[in-house]
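Notes follow the structure.
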Amino acid sequence: MMSTPQDRLGEVLARIDAAAREAGCDPAVVKLIAVSKTFAVPDIVPVIEAGHRWFGENRVQEAKAKWPELRQRYADLELHLIGPLQSNKARDAVQLFDAIHSIDRPRIAQAVAEEMARQNRRPKLLVQINTGEEPQKAGVKPQDAREFVGYCQGPLGLEIAGLMCIPPVDEEAGVHFAFLAKMARELDLAELSMGMSADYETAVQFGATYVRVGSAIFGERPPPRP
Ligand SMILES: *Cc1c(COP(=O)(O)O)cnc(C)c1O
């Protein structure tokens, strides 16, 4: 029999619980973000109906097309932006999202700070770290992290909740998760957004407080259009 998104959600939650217990962590600390990018409203509804409330999208435009109607139907949803943000989308992002995991340069931080003041909204903010120092990947270089977080907290007056990373595909994720966890401790930041379908249990063992899981819940995504 084919598994449903509800079955798969239950499976992922059970695995998170087991991984946390095995690592001696409190499972309640780990929040599962169901990444619904590329999936349409009818695909998302069953997961909400199954009781899940935390969702992630990686594009502002796509989220804007899908989530306002869902928010009207379900009052207590939490929507997280996990993909890169352009400063011209800061207004929509601050309006739509409860958390932004991808703050990674001064221009973005400034634009988000301005919009937060203008809209009187306070999404939770995380700084993305490019732990693998990959040229094509978003995120602050590890050696610049302290200065950048300080800039956000000081001159911009932003509360930074934690750090996020996406490890290089061809490297052992655990090394990157350990590195990010150490950096968060040194910077005195509580939240750690790390781990995807392939490696969320590893991330939990290294102290993730948010795991971002898409295909393990919603199924394989169609390949991106050229
Ligand atoms: C798509 C995406 C995920 C989820 O990926 P899966 O492998 O489908 O779990 C997590 N984080 C980010 C930043 C993403 O873009």
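So here's what we get for this one:
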| quantity | calculated |
| --- | --- |
| Of all residues making up the stretch 143-157, the number that are touching a helix residue (DSSP H, G or I) at 6+ places or on another chain (Cβ under 7 Å) and part of a helix (DSSP H, G or I) | 3 |
| Matching entry among Ala65, Ala28, Ala75 (being part of a loop (DSSP other than H, G, I, E, B), aliphatic (A, V, I, L, M) and out of contact with any Gly (no Cβ under 9 Å at 6 or more places or on another chain)) | Ala75 |
| Among the residues listed as Asp92, Asp98, Asp76, Asp104, the single one being among the acidic types (Asp, Glu) and touching an Asp or Glu at 6+ places or on another chain (Cβ under 7 Å) | Asp98 |
| Filter pass, Val94 being β-branched (Val, Ile, Thr), away from the ligand (no atom under 16 Å from the Cβ), over 19 Å from Ala203 (Cβ atoms) and at pLDDT 95 or above | yes |
| Answer residue from the stretch 158-182, given it is touching a helix residue (DSSP H, G or I) at 6+ places or on another chain (Cβ under 6 Å) and of a type in the set (A, V, I, L, M) and is surrounded by the fewest Cβ atoms within 10 Å (Cβ to Cβ) among those | Leu158 |
| First in the stretch 69-86 and of a type in the set (Asp, Glu), second anywhere and surrounded by 13 or more Cβ atoms within 10 Å (Cβ to Cβ), Cβ under 6 Å, 6 or more apart | Asp76/Arg53; Glu78/Arg53; Glu78/Trp54; Glu78/Asp98 |
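The values are calculated or read from the model by the stated rules, or taken from the named source; none is laboratory data. None of the values given here were measured: they were computed from a predicted structure. Virtual Cβ from ideal backbone geometry, glycine too; neighbours counted across all protein chains shown.
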